[in-house]
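Here the structure is laid out as structure tokens; the discussion comes afterwards.
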């Protein structure tokens, strides 16, 4: 079956099993390997992407369910080939170690900041609760998200 997906601002045609996991289609068919697959049960958050602006575990969504929806992966957050915004804040704040969870964390945080540009620490922790990091713990990640939220608010004024 041919499916038309809107990924990172461009329309792409994918031929394949419509019941394949969206995570598989994005990684294997479209080469978007920033998305990681961990548990394949929606527990670890490594595969988090944005669908219509909201964080979604791509391992739990079937490819055909994504047709007609706006999909953004971590690759779609780059600006002119540079790691921008949250990615830069994660690096600057020491919120990255092995990096496996980072794309999912970035996307979960991006979804939060789209919905709430001034989240409290508790709101950040809640938004990231579906993402597991076994290296840094969440403190440096929460600080990085808070720093990026503050930077964005300052940039708007």
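Any read-out appearing in this document is the output of simple, stated calculations on the displayed coordinates, not a laboratory observation. Just so you know, these numbers come straight off a predicted model, no measurement behind them. Note: ideal-geometry Cβ built from the backbone for every residue, glycine included; neighbour counts use all protein chains shown.
How would you classify the chain from its alpha-carbon gyration tensor, with a ≥ b ≥ c the square roots of the eigenvalues: rounded for a/c under 1.5, else prolate if a/b is greater than b/c, otherwise oblate?
Prolate, since a/c reaches 1.5 and a/b exceeds b/c.
In whole angstrom, note down how far apart the Cα centers of the range 1-79 and the range 117-149 are.
The range 1-79 and the range 117-149 have Cα centres spaced 23 Å from each other.
Hey, what number do you get for the chain at 222 nm if only DSSP H runs of n ≥ 4 count, each worth -39500 (n - 2.57), divided across all residues, to the nearest 500?
-9000 deg cm²/dmol
For the chain, what does the relative contact order come out to in percent, with C-alpha contacts under 8 Å and a separation of six or more? Could the numbers behind the result be given before it?
Numbers: 271 pairs, mean separation 36.2, N = 157.
Relative CO of the chain lands at 23 percent.
If you take the beta carbon distance between residue 13 and residue 75 as r and set R0 to 22 Å, what does 1/(1 + (r/R0)^6) give as a FRET efficiency, to the nearest 0.05?
Once rounded, the FRET efficiency stands at 0.75.
For the range 86-156, what's the relative contact order in percent, using C-alpha pairs closer than 8 Å and at least 6 residues apart?
Here the relative contact order equals 47 percent.
What order, most packed first, do the peptides 136-148, 91-103 have when packing is the mean number of other Cβ atoms within 10 Å of each residue? Could you put the intermediate results ahead of the total?
Numbers: 136-148: 19.8, 91-103: 18.0.
Descending packing order for the listed peptides: 136-148, 91-103.
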